[in-house]
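Trainee: Before we start, here is the structure in question, set down as structure tokens.
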Amino acid sequence: MSQQPPSPSPTQPPQDEQARWEERYATPDYLFGRAPNAFLESCRGLLPRRGRALAVADGEARNGVWLALQGLEVVSLDFAPSAQAKAAALAAEAGVAIEIVAADVHAWDYPEAAFDVVADIFTQFSDSAQRAAKWAGLRRTLKPGGQLVLQGYTPKQLDYGTGGPKAVENLYTRALLEQAFGDFDDLAIREEERELQEGPAHSGWSAVIGLTGRKPAAG
């Protein structure tokens with residue numbers, strides 16, 4: 001395990017996209033706060049007591065660090081060096097070790113059946129083709145019976161404008177999630193409108209959708 005930002009990865013994203021996120025993260029403050037996502041935290045009872053967890057597009061690692069505090073071995077995956085430097089600092093502050101991997105979440109070679117938990121929280125910067133590739137990777141890397149926790153904004157979020165993408169095609173609907181993960185066991189999808197206070201980037205009344213489910217044995 002390492003808490004240090006890694007060397008550049010061969011699976012880096014397009015430079016313009018990486019530069020955009022670098023600019024967003026290159027501030028002293030934590031863009032999405034230091035506390036874990038509330039939906040992920042509410043899923044504590046679904047998590048195994050031990051095992052490996054993947055935090056996708058984990059940025060400054062608020063979610064990855066929280067997963068490590070639950071006793072899991074965590075891989076924190078992101079492509080922004082400035083975010084990962086803050087991720088290392090947050091892990092050290094919390095007294096946990098996380099493995100920080102620098103890679104594009106759309107191009108990373110997701111290892112097969114490697115993780116007991118995958119957390120995919122507000123990773124809505126993908127177009128439809130990228131999203132399909134990423135979600136195929138998430139399915140592949142979950143062990144049979146592994147737990148998926150996913151949350152994103154719904155199209156109604158465009159009315160609130162309190163965070164998230166501005167393009168409707170990047171937002172999630174129940175039908176989209178059911179198409180991608182409808183075969184998962186213990187599937188639960190929850191749509192709600194609630195106030196988020198997750199740093200300056202997610203602040204205010206929001207329209208969100210969350211999914212939990214376990215990869216089927218034959219999935």
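Trainee: What single numbered condition from (1) on the phi < 0 side of the Ramachandran plot; (2) buried (at least 21 other Cβ atoms within 10 Å of the Cβ) fails to hold for Gly182?
Mentor: (2)
Trainee: If the Cβ limit is 6 Å and pairs must be 6+ apart or interchain, which residue in segment 179-199 that is touching a residue at least 60 places away in the same chain (Cβ under 8 Å) and of a type in the set (A, V, I, L, M) pairs with which residue that is part of a strand (DSSP E or B) and surrounded by 13 or more Cβ atoms within 10 Å (Cβ to Cβ)?
Mentor: Filtered contacts from segment 179-199: Leu196/His202; Leu196/Ser206.
Trainee: Scan (1) modelled with pLDDT of 95 or more; (2) closer than 22 Å to Ser206 by Cα; (3) crowded, with 21+ Cβ neighbours inside 10 Å for the single condition Val75 breaks and write down its number.
Mentor: (2)
Trainee: Working only within segment 144-186, note down all residues that are within 20 Å of Ala207 (Cα to Cα) and of a type in the set (D, E, K, R).
Mentor: Lys156, Asp159, Lys166, Glu169, Arg174, Glu178
Trainee: Among the residues of segment 160-176, how many are closer than 18 Å to Arg194 by Cβ, out of contact with any Pro (no Cβ under 8 Å at 6 or more places or on another chain) and either without any contact (Cβ under 8 Å) to a residue 24 or more places away in the chain or not basic (Lys, Arg) (or both)?
Mentor: Matching residues across segment 160-176 total 6.
Trainee: Can I ask one more? Would you say Glu198 is more than 20 Å from Ala35 (Cβ to Cβ) and either at pLDDT 95 or above or surrounded by 17 or more Cβ atoms within 10 Å (Cβ to Cβ) (or both)?
Mentor: It is false that Glu198 is more than 20 Å from Ala35 (Cβ to Cβ) and either at pLDDT 95 or above or surrounded by 17 or more Cβ atoms within 10 Å (Cβ to Cβ) (or both).
The values are calculated or read from the model by the stated rules, or taken from the named source; none is laboratory data. Just so you know, these numbers come straight off a predicted model, no measurement behind them. A quick note on method: Cβ atoms are made from the backbone with ideal geometry, for glycine too, and the neighbour counts reach across all protein chains shown.
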